[in-house]
Every structure is written in structure tokens, then in C-alpha cells.
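Notes follow the structure.
The values are calculated or read from the model by the stated rules, or taken from the named source; none is laboratory data. Because the structure is a prediction, the values reported are computed rather than measured. Note: ideal-geometry Cβ built from the backbone for every residue, glycine included; neighbour counts use all protein chains shown. When the accessible area is computed, the model is the full protein with side chains, heavy atoms only, and any ligands, DNA or RNA have been set aside. Shrake-Rupley method; radii C 1.70, N 1.55, O 1.52, S 1.80 Å.
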Amino acid sequence: MQAGEATISIGADWPRMSIAQVQAVLTAPGAPFEMATETIRGVPTRIWKNAPATLAQLIAFSRSHGERLATIHEDQRVTFDAQFRAIATLARHLQDSGIGKGDRVALAMRNMPEWPVAFFAIVAIGAICVPLNAWWTPQELAFGIGDSGAKMLIVDRQRHERIGNDYAAMPGLETVIVARARTPLMAPARALEAVIGGCADYAALPDVALPNVAIAPDDDATIFYTSGTTGKPKGALGTHRNLATNVYSSAYIAARAQLRRGEMPPPVPRPKVGLLVIPFFHVTACSASLMGAMASGTTLVLMRKWDTAQALALIERERVQVTGGVPTIAWQLLEHPDRERYDLSSLEIIQYGGAPSAPDLVRRIHEVFGAMPGNGWGMTETMATVTQHSAEDYLNRPTSCGPPVPVADLKIMAPDAPIELPVGEVGELWARGPMIVKGYWNCPEATAETFVDGWVRTGDLARLDDEGFCFIVDRTKDIIIRGGENIYSIEVEDVLYAHPSVTDAALIGVPDRVLGEVPVAVVHLCSGCFASESELRVFVRARLAAFKVPVAVRFSDTILPRNANGKIVKSELRALFAAG
């Protein structure tokens, strides 16, 4: 625990069991969370013995939830049985369209019931789903489609209109399937509804089985793009095992919290109703949330876009028990002026990750809603969950992101030498386990640099305490996390440098109470040149997604400060910005 860190009184008899004791009970031979050892890419690795071997097994199991609702979106309600029928029908159609094992299918769509149907139909036949950021510009979407070599694109109307009918930048693309199109489509595009109908039609689809495809746990399943310090997004190549691991990791966290307070956990996760506000194209929503929902029968309430008042109304109407996403969401729920007008008594858990959060947020969630807070740490390269923090543990250690799940290992390495540091010392956080992706798609050099003998070098500076709780201290990578969205500075800086008046540019993150941090640019203009703050922001907005646009631009009369290696000293810029 950090010096001066406040805790909340949660009962003199808590915890009833230590972290080590809980793990021994829950992972014992014959216990629900029993572990085994498998060799993954030449490295002996602990796995959840009872986790689904493939996503096809998870899909088949999800049908056992029958008429329980899988998704709710506005007035559309899709049961697990109806969802399975749509998945199986679309999977067979993909096969008939020439999509086979290992082929890439890009998926660009906002959160709606068609997203999980498309995702699971793709992976069920051994193809690789490439979820693309629905907020990306046409150029960014074209890059993801082209870089992954996608043969097919499944897209909603808005993304299709954004891309247009010019597929010249995506030469490998053969077929486009469009959901909810409002105008006639031009070849090679066709309507998703012609294959599976609308959401209301899923329950009447033929009762067909999933295609029989030989899939192994470590076969490729996904490519999630994450930006890199080169400015070009890199595709993290995930496997069926990576995603299936989260099914048991999430369930383990709930059981651990119950044992810590002296309650015997149920043998299987209980279905809940969750308000999902994170986009499915993030691993947090897809891997950590959707996989668990398919296994447990949890209903996911979806929103077209985030609106705090609408979220409060949905929590009341649908009796939502779990919500969250990023700290931004929790703050806005807490501070909405009409919050007390809504019945929010159903809330049990508000959990988040992906951005810095204030310890005060942890306390206020518990005090205002009576709900338990939850937090965790993961990244695209870990397919989400590595550590998880919840309930009383989080209340008692509000600056930690929790201990690793039992199948994961963490270690702290010296930033400048291959030396593991002792407990309490700060260094680079390395992680390993069955959730670690294979590497980066078509990026062998970046893969070799980041993935070492089963470990992923996270780029985060952290420390571990004597119970294994992890505390993220800072980031070694030049990244800004704005409300859960990663912004890699060099990508924005490259756009600023492209402006004819800019000769020097740097993007820095400044603290923001709601979003965690926001991007701010500092630029130096060439002699005799002029550019206004609004002009530069418009220039960036025309070339990058809106969340990457600096919220403010400051001008420096001189070239930006650099160290002996010629690298801009951003710490000085932050100080100047704060002083200004």
C-alpha cells in the first residue's frame, strides 16, 4: 500500500482468506477453476483446465441459455437461441461465399446485435475476425482492411457510407456485407438482411448446426489493431485460447471476492444484466465482456452512443446490475444532475479499466450507488484481463489494478537490463499467460521486440507488493489514454508536421478529471508562417479520428526542448503547459 493511501472500513473480519488461500481452494484438483499446463509456442503455460477449447464450443454452449435475452438494443431483443440461429446461418453463408479457415474478415460496426452475430459466425468457421475501430476515418479503415488482407468486410450503414464504393485502396477485398442499408447497394456489396433477416427474424431462422471445422485452441481467431510508436497501427494476432481464457478469468474474480468475504461462491457464474457502453471493437468489450456473457447467459444492453441520461434510464428500465467501461462513464453517472430521479437500486457492480482513475472514484461508487467497484489491467496484446481488482480489495487498495489471475504471471524488469527487480521496486511490467497474443500481424521485428519467451513487454512502469497486487506507476510508451481510447503521440505529431506552417510539434497528455487525460499539442511555426489553434485542430480532425484531435494547441516561440539524443523533453512541455 502506498504511503498515505486511505482505506475504507469494510469489517474487522475481512478478509476471511488470503489471496493465496483463495487461489488454493478455487484451483484445487476437481475444483471449478482447476488449472493444467499446456505448451504454447514452446513455453509451458498454466491454463484453465475447464475453459472452452475453442470459440465454436463457446457458441454451441451459449444456446443452452435458450430464451434468455442475449442482447437488448433500443426496441430489439434477441434471445440466445435466436442469436445462435443467426450465427449458424451466417457462418454457413460465409463458407458458401468462399471464406475458409485462416481467411480474414473485417468487421466495422457500432454496437448492435449484428456485431456478436458476425463476430462469432466468422470465428466459428476458423476464419480470422478483424474488428476495426468504428470511429476511424476512411483512410484508417482502409489501412486496417488492406493491412490484414481481408477478403470480406461486414459493415454497418454508417461505416459503409464513410468508406464509399471506391475499394481501390483495398485490393484484396472481394465481398462487402452491409447491415441496415437504406439505399440500394452496388456490387460487391450486399445486404446482411438478405442472409439472416433483421433482428426480429432471427428466431424464425432454420435450426442448423454450426459448420464442422477442425479448430485447435491456438489457431488464429482475431486481429485487433493497436497503434504503435511508429505511428502505424499494428494488428495483435489473437487465438481461440486467448479469448476463451477470459471466460474463466472473469468468473474467478467474482468467486475470489466472495471467498475473501467468507461466502461460498456458486459453482458457475450467475446470469446478470449488464449495460455495455464500451465498443465491441475493443478487447475489453469483446474478450472480457462478450465471452463471459456467452458463457454465463448475461444479457448485454447496448447503446447506439453514450448518453448519460439515457444510460440512467436504461439502468432503471432494464434493472441493470453491472455497468462501467472506463472511469469517464462512472464519473458521468455519479455527477449527472438528474441522477437521483432514477431508481438505480439494481446496480451491483461498476467496473472499468483502460484509463487512469482517481482513488476518490472508488469510494464514491460505493457510497453513492451502494455498488462494488471493479478495475483491472490488460492491453490489446493480452486480450484484456491479466489483473482484476474488485469489491473490498479495490476499496482497500484504490490505487492498485489488482493481482494477476492464477493463470497469469507478472514480473518487474529493470528498464535498461534483463534483470528482474524485487518486490516494491518500480520497473517495466512484463506479463505472461494463456491470454497473451501470438504477436503482431506481419510485423516480425516488432513482435520480436515485444514478445520474449512467452512474456509480453507491456511498456508500463509498475511495482508489485508482497501479495502480488500490481500498481501502475507510469507508461514508458509515448501514449495518451483519453477516456479509454489509446492515442499514440507520433501519429498525431506526424499530421501536425504535415501542415506547411509547422516545423516542430509534440503531443502531450494533461490530466482530466473525467477522461483521465486529454491530448494537447505544442508546436513551433516556421519563420514568417502563421496558423491558428482552430486551423491546426481542423487540420488534424480531417485526417484522424475525432478522439485523437488535440483539445488545445499552444505555440512555442522557439524550437521545442530536446535532450542529448535529440528527443523532445515532454516533461518540460507539461510543466510549461501547467504553468501557462
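For Leu421, list long-range residues whose amide hydrogen, built 1.01 Å from N in the peptide plane, is under 5 Å from its own amide hydrogen.
Under 5 Å from the amide H of Leu421: Ile412, Met413, Ala414.
List the Cys residues of the chain that have no partner Cys with a C-beta closer than 4.7 Å.
Flagged as lacking a Cys partner: Cys129, Cys199, Cys286, Cys401, Cys443, Cys470.
Suppose a student asked you for the relative contact order of the chain, using Cα pairs under 8 Å spaced at least 6 residues apart; what percent would you report?
Details: 1234 pairs, mean separation 72.4, N = 580.
Rounded, it is 12 percent for the chain.
Does the range 190-295 come out rounded, prolate or oblate, given a ≥ b ≥ c as the square roots of the eigenvalues of its C-alpha gyration tensor, rounded meaning a/c under 1.5 and, failing that, prolate meaning a/b above b/c? Each step should come with its number before you reach the end.
Numbers: a/c = 1.78, a/b = 1.19, b/c = 1.49.
Taking the square roots of the gyration eigenvalues as a ≥ b ≥ c, the range 190-295 is oblate.
Ignoring everything except DSSP H segments at least 4 long, calculate the 222 nm mean residue ellipticity for the chain; use -39,500 (n - 2.57) per segment, divide by total residues, nearest 500. Let's see the in-between values first.
Working: 17 runs with 161 residues, N = 580.
-8000 deg cm²/dmol, from helical runs alone.
If you take the charge dipole of the chain about its Cα centre, with +1 on Lys and Arg Cβ and -1 on Asp and Glu Cβ, which of Ala236, Trp14, Ile559 is farthest toward its positive end?
My answer, from the dipole projection, is Ala236.
At 1.4 Å probe size, with the rest of the protein present, what percent of the exposed accessible area of the chain is carbon and sulfur atoms? Present the calculation step by step, with values, prior to reporting the outcome.
Details: 11990 of 23060 Å².
So the carbon and sulfur contribution to the accessible surface is 52 percent.
Separation between the Asn442 and Glu335 pseudo-spin-labels, each 7 Å from Cα along Cα→Cβ, expressed in nm?
4.3 nm
Using label points projected 7 Å from each Cα along Cα→Cβ, tell me how many nm separate Ser346 and Glu174, to one decimal.
Label-label distance for Ser346 and Glu174, simple model: 4.5 nm.
What list of ³J(HN,Hα) values in whole Hz, one per residue of the range 322-338 in order, does the Karplus curve 6.51 cos²θ - 1.76 cosθ + 1.60 (θ = phi - 60°) give from phi, with Gly and Pro shown as x?
10, 7, x, x, 10, x, 3, 4, 4, 4, 5, 5, 5, 9, 5, x, 9
Using amide H atoms built 1.01 Å from N in the peptide plane, name the residues 5+ places from Lys234, or on other chains, whose amide H lies under 5 Å from its own.
Those lying under 5 Å, H to H, from Lys234 are Thr226, Ser227, Gly228.
Please turn the phi angles of the range 16-30 into ³J(HN,Hα) values with the Karplus equation 6.51 cos²θ - 1.76 cosθ + 1.60 (θ = phi - 60°), one per residue in order, whole Hz, x for glycine and proline.
Once θ is set to phi - 60°, the couplings for the range 16-30 become 6, 9, 6, 4, 5, 5, 4, 4, 4, 5, 6, 10, 4, x, x Hz.
For the chain, what does the alpha-carbon gyration tensor say about shape, rounded, prolate or oblate, given a ≥ b ≥ c as the root eigenvalues, a/c under 1.5 as rounded, and a/b over b/c as prolate?
Values: a/c = 1.41, a/b = 1.06, b/c = 1.32.
Rounded is the answer for the chain, as its axis ratio a/c remains below 1.5.
Treating only the Cβ atoms of Lys and Arg (+1) and Asp and Glu (-1) as charged, compute the dipole magnitude of the chain about its Cα centre; round to the nearest 20 debye. Provide the component values of the computation, followed by the final result.
Working: 54 positive and 62 negative charges, 153 e Å.
In debye, rounded to 20, the chain gives about 740.
Once you order the gyration tensor axes a ≥ b ≥ c over the Cα atoms, which shape class does the range 102-217 get: rounded for a/c under 1.5, otherwise prolate or oblate by comparing a/b with b/c? Don't skip to the answer; put the middle values down first.
Details: a/c = 1.85, a/b = 1.21, b/c = 1.53.
Oblate shape, in that a/c is at least 1.5 and b/c is the bigger or equal ratio.
Rounded to the nearest 0.05, what FRET efficiency do Ala187 and Arg319 have when you use their Cβ-Cβ distance and R0 = 45 Å? The partial results should precede the final answer.
Numbers: r = 46 Å, r/R0 = 1.01.
Plugging the Cβ-Cβ distance into 1/(1 + (r/R0)^6) gives 0.50.
Within the chain, count lysine pairs with alpha carbon atoms under 24 angstrom apart where the residues are 8 or more positions apart or belong to different chains.
27
Calculate one ³J(HN,Hα) per residue across the range 302-312 by plugging θ = phi - 60° into the Karplus curve 6.51 cos²θ - 1.76 cosθ + 1.60, and present them in order as whole Hz with x for glycine and proline.
9, 10, 4, 7, 5, 8, 4, 5, 5, 4, 4
Apply 1/(1 + (r/R0)^6) to the Cβ-Cβ distance of Ser64 and His93, taking R0 = 30 Å, and write down the FRET efficiency to the nearest 0.05. Can you show the working numbers first?
Values: r = 24 Å, r/R0 = 0.80.
Between Ser64 and His93 the formula returns 0.80.
Quick one: work out Rg over Rh on the C-alpha atoms of the range 409-502, Rh as Kirkwood radius.
Numbers: Rg = 16.0 Å, Rh = 15.2 Å.
Using Cα coordinates only, the ratio equals 1.05.
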